[in-house]
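Engineer: My structure is below; once you've seen it, I'll send some questions.
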Amino acid sequence: MNATATDIVSRDEIRDRFSRAMSAMYQAEVPQYGTLLTLVDEVNREILAGDTALAERLRDHDGLDRLGVERHGAIRVGSASELAMLRRLFAVMGMYPVGYYDLTEAGVPVHSTAFRPIDDAALARNPFRVFTSLLRLELIDDETLRERAAAILAERDIFTPGARELIELSERQDGLDDAQAEQFVSEALETFRWHRYATVDLETYEALHAEHRLIADVVCFRGPHINHLTPRTLDIDEVQRRMPAAGMNPKAVIEGPPRRDCPILLRQTSFKALEETTLFAGERQGTHTARFGEIEQRGVALTAEGRALYDRLLSASRERTAGLAHEQHRRVQAEAFAEFPDDEATLRRDGLAFFEYRLTEAGRAAAGVDATDLEALIERGLVSARPITYEDFLPVSAAGIFQSNLGEGGGAAYAGNANREALEAALGVPVTDELALYAERQRASQAAVREALGGDTA
Ligand code: OOG
Ligand code: NI
């Protein structure tokens, strides 16, 4: 079943089909997620109807027609070999590991990366990414429990034979044809499906659960069920506010930066995970709480300096907002972030955020212009700069999402265990540095502007 080069469908197309199939599966599995999608769509429509300038900007730059596609999902796997195979599976869809996230700081015994499209065209086609966590059994102190967990994980194969074959075929012929892609999507989907039957008895589940709820979630099932999907909202505060009336139980606060005129990084919130009936070995019935729905709103990517400022203000604001209710939390957090410039020109001039530079119409008509000082050209209306959207995740926010869905307690202290090399060894490749991607995109756009104006391209 070899495909010729002309039959190969693009990896972006496969990712697009996969994300749609995943969404349909998750809506069928978790009806409340469908309710969330409806709410997000309703609020997005209202915002667009009331803000024609925003609607136009989205139409021109941001794929208004793709507003409704999911932005990300998340899974958790149990072993290095599972992660290594997942890397190959995601590569079929043009998704590559970007970033390293240490969650031990937050008391969660995992570290993570995000499989995501990397280049502009791929992101524009469909930005779907999967936040993928690897369980760190080595952090479990209890040796018997650790070995039991490892033995259970060694028994399972989270991939169908068909998925394995198609991954190998895609690697051999550098892509898949239409029929193979179709088959791949349906085989790959099996890995992410929910299983009502646990692979262990209730006692084992409870022992693992007592060490950490997340360990039970990863170890006791046939596969790494998708634990949430996340659409994009144009007004996260409004969706959060309306969740209860739509029957959803939102987490207490929105993760990330406060609401601002110039959105930065990423804001996220979720409805809390549902308690679901689970059948354990011996037909004993119990429950498991894992699956939820999330929403996100993205802003501009920050430079290392901008990120350092964000991290500093976030930790200062966390000290002051601990335990505050939603409204107060919002007010105190906004105060704490007052120091962060909130207009594009300052963010740009102070080197706090990344921008993409382009010639304006006047710029295209101009010739022989000195292009050394891009800011001067922006002032003269010859060049424009657009914020580059942040495409990655935030460890403190991720921890907040984990925690609200895992419940309090059960968290032994795992902190101070970042180990990027171990994650990369498990993946079989280094993770791409996200900051380098944004910096390169900004640099390339500046060079293109300078070249077009006939100046030097340094
Ligand atoms: C992942 C939580 C992190 C996000 O959006 O930050 C995450 C998980 O619960 O497995 O998805
Ligand atoms: Ni998420």
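Engineer: What are the residues in region 360-418 that are hydroxyl-bearing (Ser, Thr, Tyr), in contact with a Leu (Cβ under 7 Å, 6 or more places away or on another chain) and within 16 Å of ligand 2 (Cβ to nearest atom), if any?
Structural biologist: TYR390, SER397
Engineer: Another one. Has region 387-405 got at least one residue that is of a type in the set (Asp, Glu) and touching a residue at least 12 places away in the same chain (Cβ under 8 Å)?
Structural biologist: Yes, some residue in region 387-405 is of a type in the set (Asp, Glu) and touching a residue at least 12 places away in the same chain (Cβ under 8 Å).
Engineer: Test LEU347 against the criterion of being at pLDDT 95 or above, assigned to a helix (DSSP H, G or I), in contact with a Leu (Cβ under 7 Å, 6 or more places away or on another chain) and under 24 Å from GLU391 (Cα atoms), and give yes or no.
Structural biologist: no
Engineer: Restricting the search to region 103-121, which residues are at pLDDT 95 or above and more than 25 Å from HIS195 (Cα to Cα)?
Structural biologist: ARG116, PRO117, ILE118
Engineer: Hey, could you check region 254-305 for residues that are among the charged types (D, E, K, R) and not in a strand (DSSP E or B) and say which is nearest to ligand 2 (Cβ to nearest atom)?
Structural biologist: Once the filter is applied, the top-ranked residue is ARG259.
Engineer: Would you check which residues across region 224-252 are hydrophobic (A, V, I, L, M, F, W, C) and more than 15 Å from ligand 2 (Cβ to nearest atom) and list them?
Structural biologist: LEU234, MET243, ALA245, ALA246, MET248, ALA252
Engineer: Of all residues in region 203-258, how many are over 20 Å from the mean Cα position of the chain (by Cα) and among the polar types (S, T, N, Q)?
Structural biologist: 2
Engineer: Could you list, in sequence order, all residues of region 313-324 that are assigned to a helix (DSSP H, G or I) and farther than 28 Å from TYR357 by Cβ?
Structural biologist: Selection gives LEU314, SER315, ALA316, SER317, ARG318, GLU319, ARG320, THR321.
Engineer: Which of the strands (runs of 3 or more DSSP E) found entirely inside region 65-165 contain at least 3 residues meeting this: more than 24 Å from ARG222 (Cβ to Cβ) and either out of contact with any helix residue (DSSP H, G or I) (no Cβ under 6 Å at 6 or more places or on another chain) or within 16 Å of ligand 2 (Cβ to nearest atom) (or both)?
Structural biologist: Output list reads 96-102.
The values are calculated or read from the model by the stated rules, or taken from the named source; none is laboratory data. Remember, predicted model here, so these are calculated numbers, not experimental data. All Cβ positions, even for glycine, are placed from backbone atoms using ideal geometry, and neighbour counts span all protein chains on display.
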